[in-house]
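Participant: Handing you a structure now.
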Amino acid sequence: MKKIFLAIAIVGLSVSMCAYTPEKKEDKKSQQSTEIKKEKRPIMAWERNARKWDFGNVERGKKVSHVFKFKNTGNAPLVIANVATSCGCTMPEYPREPIMPGEESQVKVTFNGEGWDRFTKSVTLTVNTREGREILYITGNIIDPK
């Protein structure tokens, strides 16, 4: 009786092992890339990949501005939901309406020129891209006017 039971167990195990076919890695990779392609997301492509700007020397009290240009290279409308600056001395101007796929737009950042010596300020954009945010930086050196 034990021998019959053992034989049946071995045959059953052999059949189940033969029926198993492991998933191919290539199929899994192509399936993932297809899913990524199907995903509708905007992509912020910055002009010259520039997210940092150095004003160099800035006279104290003189306002300076820089325009960061970008293009929506994704396949869905890009929405800038919120913009936060690292201090009140930095003022951003940004589009309030959605940027459609293929369209270009810009974010203008103005620094009021107040403070002393070297400065680094950040502007954080909350967006509907995969990353969820983009950070822009401005730097410079404040000097006394002559």
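Any read-out appearing in this document is the output of simple, stated calculations on the displayed coordinates, not a laboratory observation. The structure displayed is predicted, hence computed values, not measured ones. Don't worry about glycine lacking a Cβ; one is built from the backbone with ideal geometry, like all the others, and counts go over all protein chains shown.
Participant: Just give me the residues in segment 93-115 being touching a Lys or Arg at 6+ places or on another chain (Cβ under 9 Å), closer than 30 Å to residue 58 by Cα and not hydroxyl-bearing (Ser, Thr, Tyr), in sequence order. Let's see the steps before the verdict.
Facilitator: Of all residues in segment 93-115, those touching a Lys or Arg at 6+ places or on another chain (Cβ under 9 Å) come to 93-94, 99, 102-107, 109-115.
Those left that are additionally closer than 30 Å to residue 58 by Cα: 93-94, 104-107, 109-115.
Result: 93, 104, 106, 107, 109, 111, 112, 113, 114, 115.
Participant: Answer yes if at least one residue in segment 112-120 is among the acidic types (Asp, Glu) and within 16 Å of the chain's Cα centre (by Cα), and no otherwise.
Facilitator: Step one: of segment 112-120, the residues among the acidic types (Asp, Glu) are 114, 117.
This time we only want the ones that are within 16 Å of the chain's Cα centre (by Cα), so: none.
No, because not a single residue in segment 112-120 is among the acidic types (Asp, Glu) and within 16 Å of the chain's Cα centre (by Cα).
Participant: Need pairs with beta-carbon distance below 8 Å; first residue more than 14 Å from residue 92 (Cβ to Cβ) and within segment 128-146, second of a type in the set (Asp, Glu) and part of a strand (DSSP E or B); sequence gap 6+ or separate chains.
Facilitator: The qualifying pairs are 139/54; 140/54; 141/117; 142/59; 142/117; 143/59; 144/59; 145/59.
Participant: Which residue, of 97, 114, is acidic (Asp, Glu), surrounded by fewer than 16 Cβ atoms within 10 Å (Cβ to Cβ) and under 18 Å from residue 132 (Cα atoms)? Let's see the steps before the verdict.
Facilitator: Details: 114 fails: under 18 Å from residue 132 (Cα atoms).
97 is the lone residue from the list that is acidic (Asp, Glu), surrounded by fewer than 16 Cβ atoms within 10 Å (Cβ to Cβ) and under 18 Å from residue 132 (Cα atoms).
Participant: Do any residues in segment 43-62 that are on the phi > 0 side of the Ramachandran plot have Cβ atoms under 9 Å from those of residues that are part of a loop (DSSP other than H, G, I, E, B), where the two are at least six apart or on different chains, and which pairs are they?
Facilitator: Going by the 9 Å Cβ cut-off, the qualifying pairs are 61/112; 61/113; 61/114; 61/145.
Participant: OK, next. Kindly provide the set of residues from segment 105-146 that are of a type in the set (Gly, Ala, Ser) and in a loop (DSSP other than H, G, I, E, B), ordered by number. Show your work before the answer.
Facilitator: The initial filter retains those residues of segment 105-146 that are of a type in the set (Gly, Ala, Ser), namely 105, 113, 115, 122, 132, 140.
Matches in segment 105-146: 113, 115, 132.
Participant: While we're here: For segment 37-71, how many residues are of a type in the set (S, T, N, Q), in contact with a strand residue (DSSP E or B) (Cβ under 9 Å, 6 or more places away or on another chain) and either part of a loop (DSSP other than H, G, I, E, B) or loosely packed, with under 13 Cβ neighbours inside 10 Å (or both)?
Facilitator: Total meeting the criteria: 1.
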